[in-house]
1. Can you tell me which residue in the range 78-126 is surrounded by the most Cβ atoms within 10 Å (Cβ to Cβ), limited to those that are acidic (Asp, Glu), in contact (Cβ under 8 Å) with a residue 40 or more places away in the chain and part of a loop (DSSP other than H, G, I, E, B)?
2. Going by what's in this entry, would Ser175 be described as over 13 Å from the mean Cα position of the chain (by Cα), over 25 Å from Tyr29 (Cα atoms), buried (at least 17 other Cβ atoms within 10 Å of the Cβ) and not aliphatic (A, V, I, L, M)?
3. Identify all residues within the range 50-61 that are open to solvent by 30 Å² or more (accessible area, probe 1.4 Å), touching a residue at least 12 places away in the same chain (Cβ under 8 Å) and on the phi < 0 side of the Ramachandran plot; write none if there are none.
4. Just the residues that are closer than 19 Å to Cys72 by Cβ, out of contact with any Phe, Trp or Tyr (no Cβ under 6 Å at 6 or more places or on another chain) and either open to solvent by 60 Å² or more (accessible area, probe 1.4 Å) or in contact (Cβ under 8 Å) with a residue 40 or more places away in the chain (or both), please, taken from the range 28-49.
5. Does any residue of the range 68-77 turn out to be in contact with a strand residue (DSSP E or B) (Cβ under 8 Å, 6 or more places away or on another chain), in a strand (DSSP E or B) and free of Cβ contacts under 8 Å to residues at least 40 places away in the same chain?
6. Please find, among Asn25, Asn30, the residue that is part of a loop (DSSP other than H, G, I, E, B) and of a type outside the set (Val, Ile, Thr).
7. Which condition from (1) within 16 Å of the chain's Cα centre (by Cα); (2) more than 25 Å from Thr31 (Cα to Cα); (3) hydroxyl-bearing (Ser, Thr, Tyr) is the one that Thr121 breaks?
Amino acid sequence: MSKLQEFLNLARAEIGVTEDPPGSNRVKYNTAYYGSAVSGDAYAWCVVFIWWLMRQIGCSDLYYGGKKTANCSAIWGWARQNGLIVQEPQPGDWVLFDWNANQSPDHIGVIESSDSQYINTIEGNVDNCVKRMHRARDNKIVAFIRPAWPAEPATEYVTKAELRTMLQQALEYIS
């Protein structure tokens, strides 16, 4: 299975994980990120959710150059510097949102699917949990980011007839 598919499968499996207590930002992703349980407004975790997913599938190096950040603007700057911004999203891409219209992203999610009018995402820190969202493609979207997923090795299948021909050619070559 590709790392991209692992990433999407894991994100889907996390839907429904909630903060405890609600509104505290106390959630397993923050505990992993900070090394102990944390709580309070200073610990928003939408970006940390992405960090956690990438770490779980063994792709920490594809997240912020292998470093840690819990900041949407830092992710945006890193993605721009590394040529990871794309115009049309695909499943597994990340989407940055600007809810405050201040030209700076303040939320992030994972693209699950999209069409010309909507994106379907999996997002951490929405209503105190990981949720699947259906959002309009509008001016609240700052950027789509495509991680540099590792290439999958090509699988090539050979028919019996092709194999016979190849063997005959090899036998002729060595004779």
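The values are calculated or read from the model by the stated rules, or taken from the named source; none is laboratory data. Just so it is clear, the structure is predicted and the values come from calculations on it, not from any experiment. Neighbour counts run over all protein chains shown; Cβ positions are idealised from the backbone, glycine included. Just the protein is used for accessible areas: all its heavy atoms, side chains included, with ligands, DNA and RNA removed. Shrake-Rupley method; radii C 1.70, N 1.55, O 1.52, S 1.80 Å.
1. Of the residues in the range 78-126, the ones acidic (Asp, Glu) are 88, 93, 98, 106, 112, 115, 123.
Now drop any that are not in contact (Cβ under 8 Å) with a residue 40 or more places away in the chain, which leaves 88, 93, 98, 112, 123.
Checking the rest, the ones that are also part of a loop (DSSP other than H, G, I, E, B) come to 88, 93, 98.
On the way: Glu88: 9, Asp93: 23, Asp98: 19.
Looking at the filtered set, the residue picked out is Asp93.
2. Values: over 13 Å from the mean Cα position of the chain (by Cα): yes; over 25 Å from Tyr29 (Cα atoms): yes; buried (at least 17 other Cβ atoms within 10 Å of the Cβ): no; not aliphatic (A, V, I, L, M): yes.
The answer is no for Ser175.
3. Quick first cut of the range 50-61, residues open to solvent by 30 Å² or more (accessible area, probe 1.4 Å) only: 55-56, 58, 60-61.
Imposing the further condition that a residue be touching a residue at least 12 places away in the same chain (Cβ under 8 Å) reduces the set to 55-56, 58.
Once the filter is applied, which keeps residues that are open to solvent by 30 Å² or more (accessible area, probe 1.4 Å), touching a residue at least 12 places away in the same chain (Cβ under 8 Å) and on the phi < 0 side of the Ramachandran plot, the range 50-61 yields Arg55, Gln56.
4. Tyr34, Asp41, Ala42, Tyr43, Ala44, Cys46, Val47
5. Initial filter on the range 68-77 (in contact with a strand residue (DSSP E or B) (Cβ under 8 Å, 6 or more places away or on another chain)): 72, 75-76.
With the extra rule that they be in a strand (DSSP E or B), the set shrinks to none.
No, the conditions are met nowhere in the range 68-77.
6. Numbers: Asn30 fails: part of a loop (DSSP other than H, G, I, E, B).
Only one candidate qualifies: Asn25.
7. (2)
For every residue, the table says whether it meets (1) at pLDDT 80 or above; (2) outside any strand (DSSP E or B); (3) of a type outside the set (A, V, I, L, M); (4) within 24 Å of Arg80 (Cβ to Cβ).
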position: Pro147; (1), (2), (3), (4): yes, yes, yes, yes
position: Pro150; (1), (2), (3), (4): yes, yes, yes, yes
position: Thr155; (1), (2), (3), (4): no, yes, yes, no
position: Val158; (1), (2), (3), (4): no, yes, no, no
position: Leu167; (1), (2), (3), (4): yes, yes, no, no
position: Leu171; (1), (2), (3), (4): yes, yes, no, no
